[in-house]
């Protein structure tokens, strides 16, 4: 693996490196860790990389790695930069024959999103987007239950992602994460909705298998002086006729990362909380409620394939990220060996999910500014 971004002072780069390394299938061999060549060099030294493979720019890295023999060059690149720096390195990597794992959202704007989708589709290469919450075993169990029809036709979905870390004008300090996430030049047209609203949107569509067809949004910027949205409430309509509510906020003071989803069908409903990820609550219309725990009892093959340790030993955020990386590694290994990969390992978000996420962002902001309100996706 090569990495673009994620050098000294970055948060998400460290998460990606730990997740990629968890199963012993991926080795970090090179990187362009910062737009500052000296910082990139120092970061690479922190990771004990060969000095000749610590690069001053992503362009230099991609071109140099392409010249190495197949058994030496990186197999794929992980992009962990701010939003506005996803598109160019991802496109260049694909065009030079490298698979890509990219942090979300897909890129800066819709024009870039559609172009990148086209480039990926034409290349036939693997492109994974790290909507990491889809990697949790009990999220996969929820998906399997709905896919198997155990809840009947889905009628109602409620998803919420409240955080409180931007309750004050934090970007006015030296806080790096707050600075770029609230900057339209680096984040894009949305703040909270782009940062965490897309996680909620992706989780809904992943678990239910439904597609959002229309939305009606109330989008707010509640901290004085902030340039992008920090709170939003969205009504949803789905392609099977179901209705939903999505709430994403970064000014819900006291909240951490309280992502929560409830799905209701004809026969019952389920509930999953990211802060209690190993538990899935199922409430039936005609029998007692059921608390399911990861690794306990009969569970879907997709659930079992994404657990590493026996029941009762907590697996969480890093393991969910690692499931995406492990599955990408399995797919790349299968291509190298010329064999078919087990379909269970093709379960990771793709460029198509990224385009849907970008479209969601744009439609939410459009609806939030419009008197018409109901907008078609």
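As a size descriptor, the averaged projected area of the C-alpha convex hull of segment 2-129 was calculated at 7.3 nm². Averaging the sequence gap over all C-alpha pairs within less than 8 Å and six or more residues apart, then dividing by the number of residues, gives segment 238-377 a relative contact order of 10 percent. In terms of the mean number of neighbouring beta-carbon atoms within 10 Å, the peptides 204-215, 336-347, 9-20 order highest first as 204-215, 9-20, 336-347.
Per-residue packing, averaged as other Cβ atoms within 10 Å, sorts the ranges 252-262, 78-88 into the order 78-88, 252-262, beginning with the highest.
Each label point was placed 7 Å from the Cα along the Cα-to-Cβ direction; for residue 352 and residue 301 their separation is 2.1 nm.
On full extension, the segment bounded by residue 335 and residue 144 gains 66.1 nm, given 0.36 nm per residue less the C-alpha separation.
Across segment 221-312, Cα pairs under 8 Å and at least six residues apart give a relative contact order of 13 percent.
Label positions at residue 290 and residue 313, each projected 7 Å from the Cα along the C-beta direction, are separated by 2.7 nm. Across segment 1-77, the relative contact order, built from alpha-carbon pairs under 8 Å that are at least six residues apart, equals 33 percent. Using 0.36 nm per residue and subtracting the Cα-Cα separation, the extra length available between residue 121 and residue 240 on full extension is 40.1 nm. Per-residue ellipticity at 222 nm from helix content only, as computed over the chain with -39500 (n - 2.57) for each DSSP H run of at least four residues, stands at -10500 deg cm²/dmol.
Read-outs: derived from the displayed coordinates by stated rules, not from any lab. Quick caveat, the model's predicted, so the values are computed rather than measured. No Cβ is skipped: glycine too gets one built from the backbone with ideal geometry, and neighbour counts run over all protein chains shown.
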